[in-house]
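Peer 1: Got a structure for you, questions after.
Bear in mind that the values in this text are calculations on the coordinates, not laboratory data. Predicted model only: the values in this text are computed from it and were never measured. Cβ atoms come from the backbone with ideal geometry, glycine included; neighbour counts cover every protein chain shown.
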Amino acid sequence: MQTERILTAGMSGSGKSVYAEKLVSTFSSRKKFDQLILVNRKSEMSELVSPGARFAIDESINERHLTKILNGHKKVFFRVDGYDPRDFLNALGNEIMQRRYILLVIEEASEFLPRGKSPKALFRIFTAGRERGHSTIAVTQMLQSAMAGIDLAVMQQCTMLVSFRLQGEN
């Protein structure tokens, strides 16, 4: 099964999230993944999963609980808000790399995969995930700026860049 690593960038309101939702729908209809995992700081895209598969993540989640969540749902949404998410993202990355044929969608990717600070296990999905059949869609408003942006190594791993209206130094 062919895997994809897609980076979608554009300013707020440009249509990047709508496009990502259409990609998920297309991948789903073509049976390109066995499990869908969505990560976001907001509730955008949560409607793609059933209400019982939407989880607000805080610092107290442990790997055993994460495994139980992923084992119990084919489609899952994690809203990660209000704290440094690197421990959760590393645990999620490790769990994904033990599985096959995952579609991982990361909204606000510049916050979860920041320049020079990407969680190692999550980054591994971009570099070695294709061997396990994993595809990724990273959605961001900010490719690069003087103060922030998505990790350059993540951008280099993407097989496709979809650009909507950008602003500033992007």
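Peer 1: In whole Å, how far is the Cα centre of region 32-53 from that of region 112-153?
Peer 2: Centre-to-centre (Cα) distance: 18 Å.
Peer 1: Can I ask one more? Please list, in chain and number order, the residues 5+ apart from Gly133 or on another chain whose amide H is under 5 Å from its amide H, with Hs placed from the backbone.
Peer 2: Distant-sequence amide H within range of Gly133: Tyr101.
Peer 1: I'd like the per residue volume of the convex hull spanned by the Cα atoms of region 102-157, given in cubic angstrom.
Peer 2: Convex hull of Cα atoms, per residue: 65 Å³.
Peer 1: OK, next. Using the Kyte-Doolittle scale, which helices in the chain average at least 0.0 and also have C-alpha atoms spread 18 Å or more along the helix axis, with helices defined as whole DSSP H runs?
Peer 2: Within the chain the helices that satisfy the rule are 16-29.
Peer 1: Given charges of +1 on the Cβ of Lys and Arg and -1 on the Cβ of Asp and Glu, with all other atoms neutral, how large is the dipole of the chain about its Cα centre, in debye to the nearest 20?
Peer 2: For this selection, approximately 620 debye.
Peer 1: In the P(r) worked out for the chain, what percent of Cα pairs fall beyond 19 Å?
Peer 2: Counting every Cα pair in the chain, those more than 19 Å apart make up 52 percent.
Peer 1: Report, in listed order, any pair from Lys32/Lys120; Lys22/Lys120; Lys22/Lys74; Lys16/Lys74; Lys68/Lys120; Lys68/Lys117 with a Cα-Cα distance greater than 20 Å.
Peer 2: Table pairs above 20 Å Cα-Cα are Lys32/Lys120; Lys22/Lys120; Lys16/Lys74; Lys68/Lys120; Lys68/Lys117.
Peer 1: How large is log10 I(q)/I(0) at q = 0.16, 0.17, 0.24, 0.29 Å⁻¹ when the Debye formula is applied to the Cα atoms of region 81-123, each weighted equally and without solvent?
Peer 2: Ignoring solvent entirely, the Cα scatterers give -0.40, -0.45, -0.87, -1.16.
Peer 1: Express the relative contact order of the chain as a whole percentage, based on alpha carbon pairs under 8 Å and six or more residues apart in sequence.
Peer 2: It rounds to 36 percent for the chain.
Peer 1: Another question, if that's okay. Along its principal axes, what span do the Cα atoms of region 1-73 show, with the longest given first and each in whole Å?
Peer 2: Ordered largest first, region 1-73 gives principal extents of 35, 32, 22 Å.
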